[in-house]
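Have a look at the structure below before the remarks.
The values are calculated or read from the model by the stated rules, or taken from the named source; none is laboratory data. Keep in mind that this is a model prediction, so the values were computed, not measured. Note that we place each Cβ from the backbone using ideal geometry, even for glycine, and neighbour counts take in every protein chain shown.
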Amino acid sequence: MSDITDSSTDGTTGEQARASWRFLKNHLREYGILFALIAIMAFFQVATGGILLRPVNLTNLVLQNSYIVIMAIGMLLVIVAGHIDLSVGSVLGFIGALAAVMIVNWEIPYLLAAILCLAAGALIGMAQGFWIAYFRIPSFIVTLAGMLVFKGLTLWLLAGQSVGPFPRQFQLISSGFLADPFNVEGINLLSLLIGLAVAAGLAGLAIRNRAAQARTGTPDEPMAFFAAKTLIIFVGIAYMSWLMAGFRGLPNVFIVMALLIAVYSFVTSRMTVGRRIYAIGGNEKAAMLSGINAKRLTFLTFANMGMLAALAGLVFAARLNTATPKAGAGFELDVIAAVFIGGASMAGGVGTVVGAVIGAFIMGVMNNGMSILGIGIDYQQVIKGLVLLAAVIFDVMNKNKG
Amino acid sequence: MLLSIRDLSKSFPGTRALDGVDFDLRAGEVHALLGENGAGKSTLIKCLTGAYRRDAGEIRLDGEKISPSSTSEAQELGIGTVYQEVNLLPNLTVAQNLTFGREPRRFGMVDGKAQRELAREMLDGYGLDIDVGRDLGAYSVAVRQIVAIARAVALSGKVLILDEPTASLDAAEVRMLFDVIRDLRDRGLGIIFVSHFLDQVFALCDRLTVLRNGRKITTETTADLDRVKLIEHMLGHELDRASEEAATTDSVADDRPELLRFEGIGRAGVVEPFDLTIRKGEVIGLAGLLGSGRTETAELMFGVRTPQTGKTRDADGPVSHATPREAIAAGFGFAPEDRKTHGIIADLSVRENIILAMQAHRGWTRPIPRAEQDAIAEDYIAKLDIRTSDADKPVGDLSGGNQQKVVLARWLAMNPRYLILDEPTRGIDVGAHAEILRLIQEITEEGMSILVISSELDELIAVVDRVIVLRDRKHMRELTGEEVATDAIVRAIASSDHAPDAARDHAR
């Protein structure tokens, strides 16, 4: 029996060559999106004559896109689980309105109000997830209904008026910056140090992972690729934090966003709950036969989405310093586009948090850059649409070839 | 000869779906194509209809070499197909369906009157009295089948392929359909009839061809063939070394302690209530033809479908297995038949696929540490000889046999007391096949009990202590000891008409 051969040994060299080729192509997508972001930034940096990366504009860019990024993280989980959530824009608007009514009209302390708003968001997510998970109503329909319902409830809650302004304390969520205890002239030293520490930490983690890979087997990634990628990420983060430190330091929202990215990256790549979302999105039947409670997990994924949409709602309201009935209209499309540009698959089971965040920033940089260049909103929409289409076509072609 | 196929071969990554198959179809005959799942029937048909490109071999229609590259090309050449799930549009009218793609036009617009007229002409001779102006969806499946046949015959008119046409029809509808088929045969069409209902094959077909594991086993005239012989052809009857070895291990079975006792487990329309006692370390086989209730039995035991009747007990009292989670908690495992759709999660790594059930069982609050995950994965990769460059490769990149081993590893890692394997060797190559059989024997020596479902009788008798024979969603007979041999099993499967009383006794 020892001379039994499996098909994989018959074609060892061929199979391995194909496997490594496929690996390279899979990673081409990952490198691709990072390089796309860098290329787009470089293009607008030149085209706008250096305005794009001015500290004040960079800070603005982060603030402008924070709520999209926050929602893209939740949407990534929803899409990986094989669903979609169209209601996030309306939920964002509704929670902003709820916060305004609670804080401005009812004079509830802003901290308590914020907590209540997050809870309300989670409840909204649960209400939608309940039908999707336990009654198998298509998520497209349930959240389309949610989109209409919460758009209407926002109007009702605000009685068609804008409500504001918020107390200064609440505005700080979006307009505040990290205080600097060092008091150095012209630079926020703490922000710079944090930025450098994060950059060094990420590089250190990458090197440690590679060392661990090297111990158990040969790392798939060529050394040159690894070194280049790590260096670009290190330099990129260090440079950004240097730029922002030169203006007013790291915005509070940026810290919140970075923490969310770190936490959700860890949850999706390392933690059981996160990996199970990939399992139910990849093959729900197999996951259920393995004893995974797919229904509860879907339910929780939507609850999480609702909570993050609520957080984005608070950030958005604090940024505008007012809640308007129009807030959040169409945001769901930007969020969904960001996730797909970031490499998630419509069929579920594929996608990363970092990809979705980069996707959001690609959209953000293009918005910002084209606005600086004075390109009309008409052309902006067309270009963004084509970029989304191109990214997904690239994905599908890439997959078909493999 | 209307249609002749010579030496047809078709491979997919990891499997050889068709291996040098010959097939002949005369004008004016109904020729049955038989075989279990994975035998190559649907691949053969897809090569004929242009859905697949063949790797080698030739197809001649009326003596001309043909090589259809799409279904529409095959249709134009004269090969029409009707599938079990009728591929017509229920939201259009019967007339629109029949004339779809060649509607009669008048002033550039569809001429509804001429269209209905044409449709009525096409249905002439099929014994249907229906309103061609109504939606197709308003009629029964049998009528839709006949409409689909009428369309296929009108479009193609030489060869008609019927793929499991009777699967969702009742007896009267089957008779109606058969009248239509016989009539077409008499008009000189060659008809290929794919079905797993042997009674229907004997009632309707002139000749039959049996495929198994991608090879043609035999072509026979139906009238000269008896049922036992046919089932032997379908399930295989080559006694080999492995099965002779197995015959000697049978006698030790009975003194082992009882592990589980299923009493009256059943569900209407799925499997009739059955009793089954399982001893520690025992391998039990489920034998029967496709559709006899083998997989359904496994699904009831594992809670994929919830049993409506009966209860299950072990030494400590009642055991609940109404859902997969409960079944897993009770120490059951289930490696399903369709690896791709029910087994692996292709985008996740080998390691993650292996620990999936284990982690699900522990709950998310007690994650398996990464080091332990790696150790488990490496352990099973070595133990089961899973050929992969590393444990973090997506399982979709592996060959079929290795994917199957990953699913096996998932359950072995749980160390279940009772493991159900549904067609564990389906669609994997010969080498991996033998390894999986060896594994089954190894793990039972450690005290695990196993239920194996297989269409390959040789394979079954090589590993099992007992065989339960199923037919028509009923557990018919239990064979032990000396009786565990291909001819006894084949006779038990075939005995429907010959010994119904005996069968009924055993079902109790």
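Couple of notes before you dig in:
- Across segment A:233-244, not a single residue is classified as under 26 Å from A:GLY164 (Cβ atoms) and either more than 14 Å from chain B (Cβ to nearest Cβ) or buried (at least 22 other Cβ atoms within 10 Å of the Cβ) (or both).
- Number of positions in segment A:131-179 that are surrounded by 17 or more Cβ atoms within 10 Å (Cβ to Cβ) and either among the polar types (S, T, N, Q) or touching a Gly at 6+ places or on another chain (Cβ under 6 Å) (or both): 7
- The single condition among (1) among the small types (Gly, Ala, Ser); (2) within 24 Å of A:PHE150 (Cβ to Cβ); (3) in contact with a Pro (Cβ under 9 Å, 6 or more places away or on another chain) that A:GLY291 does not meet is (2).
- Criterion applied to B:ARG366, B:ARG325, B:ARG370 was being within 18 Å of A:ILE280 (Cβ to Cβ), among the charged types (D, E, K, R), surrounded by fewer than 19 Cβ atoms within 10 Å (Cβ to Cβ) and facing chain A (nearest Cβ under 9 Å), and the one residue passing it is B:ARG325.
- Number of the condition not met by A:GLY249 [criteria: (1) within 14 Å of chain B (Cβ to nearest Cβ); (2) touching a Leu at 6+ places or on another chain (Cβ under 6 Å)]: (1)
- Any hit, segment B:415-432, residues being in contact (Cβ under 8 Å) with a residue 40 or more places away in the chain, away from every other protein chain (no Cβ under 11 Å), among the acidic types (Asp, Glu) and more than 28 Å from B:ILE231 (Cα to Cα): no
- Number of the condition not met by B:GLU352 [criteria: (1) under 27 Å from the mean Cα position of the chain (by Cα); (2) farther than 13 Å from A:LYS285 by Cα]: (1)
- Residue match in segment A:256-266 (condition: within 14 Å of another protein chain (Cβ to nearest Cβ) and part of a helix (DSSP H, G or I)): yes
- Hits in segment A:277-290 (condition: crowded, with 24+ Cβ neighbours inside 10 Å and over 16 Å from A:SER345 (Cβ atoms)): A:ALA286, A:ALA287, A:LEU289, A:SER290
- Verdict on A:GLY82 being closer than 20 Å to A:LEU333 by Cβ and touching a strand residue (DSSP E or B) at 6+ places or on another chain (Cβ under 7 Å): no
- Residues of segment B:166-206 that turn out to be out of contact with any strand residue (DSSP E or B) (no Cβ under 8 Å at 6 or more places or on another chain), surrounded by 14 or more Cβ atoms within 10 Å (Cβ to Cβ) and of a type in the set (D, E, K, R), as a count: 1
- Only a single item in (1) of a type in the set (A, V, I, L, M); (2) closer than 15 Å to A:GLY121 by Cα; (3) touching a strand residue (DSSP E or B) at 6+ places or on another chain (Cβ under 9 Å) is not met by A:VAL62, and it is number (2).
- Among the residues listed as A:LEU196, A:LEU231, A:LEU202, the single one being in contact with a Phe, Trp or Tyr (Cβ under 9 Å, 6 or more places away or on another chain) and under 24 Å from A:ARG54 (Cα atoms): A:LEU196
- For B:GLY288, the conditions (1) in contact with a strand residue (DSSP E or B) (Cβ under 6 Å, 6 or more places away or on another chain); (2) on the phi > 0 side of the Ramachandran plot; (3) at the interface with chain A (Cβ under 10 Å from one of its Cβ atoms) are fulfilled apart from (3).
- Test for B:PHE302: is it under 25 Å from the mean Cα position of the chain (by Cα), within 9 Å of another protein chain (Cβ to nearest Cβ) and closer than 23 Å to B:GLU263 by Cα: yes
- Any hit, segment A:247-260, residues being over 30 Å from B:ILE328 (Cβ atoms) and exposed (fewer than 15 other Cβ atoms within 10 Å of the Cβ): yes
- Only one of the listed residues (B:ARG105, B:ARG116) is surrounded by fewer than 18 Cβ atoms within 10 Å (Cβ to Cβ), over 27 Å from B:ILE45 (Cβ atoms) and charged (D, E, K, R). That residue is B:ARG105.
- The residues of segment A:317-336 that are within 23 Å of the chain's Cα centre (by Cα), outside any helix (DSSP H, G or I) and among the hydrophobic types (A, V, I, L, M, F, W, C), listed by number, are A:ALA327, A:ALA329.
- Residue match in segment B:12-23 (condition: away from every other protein chain (no Cβ under 14 Å), hydrophobic (A, V, I, L, M, F, W, C) and either part of a helix (DSSP H, G or I) or under 24 Å from B:ALA203 (Cβ atoms) (or both)): yes
- Boolean, A:ILE95 is in contact (Cβ under 8 Å) with a residue 24 or more places away in the chain and not in a loop (DSSP other than H, G, I, E, B): yes
- Among the residues of segment B:315-338, those that are within 29 Å of the chain's Cα centre (by Cα) and of a type outside the set (Gly, Ala, Ser) comprise B:HIS321, B:THR323, B:PRO324, B:ARG325, B:GLU326, B:ILE328, B:PHE332, B:PHE334, B:PRO336, B:GLU337, B:ASP338.
- Filter result for A:GLY195 (surrounded by 14 or more Cβ atoms within 10 Å (Cβ to Cβ) and in contact with a Ser or Thr (Cβ under 9 Å, 6 or more places away or on another chain)): yes
- Residue in segment B:27-41 that is more than 25 Å from B:ALA142 (Cα to Cα) and of a type in the set (D, E, K, R) present: no
- The strands (runs of 3 or more DSSP E) located wholly in segment B:30-101 that include 1 or more residues which are outside the structural domain of B:ARG426 (by TED's automatic domain parsing) and under 17 Å from B:ARG151 (Cα atoms) occupy B:79-82.
- Applying a threshold of 9 Å to beta carbon distances and a minimum spacing of six or more residues, or different chains, the list of pairs starting in segment B:386-399 at a residue that is closer than 21 Å to B:HIS342 by Cβ and touching a residue at least 60 places away in the same chain (Cβ under 8 Å) and ending at one that is β-branched (Val, Ile, Thr) and in a loop (DSSP other than H, G, I, E, B) reads B:SER399/B:ILE428.
- Number of the condition not met by B:GLY137 [criteria: (1) surrounded by fewer than 21 Cβ atoms within 10 Å (Cβ to Cβ); (2) closer than 20 Å to B:ASP163 by Cβ]: (2)
- Boolean, B:ILE489 is within 14 Å of chain A (Cβ to nearest Cβ), under 30 Å from B:ASP199 (Cβ atoms) and in contact with a Leu (Cβ under 9 Å, 6 or more places away or on another chain): no
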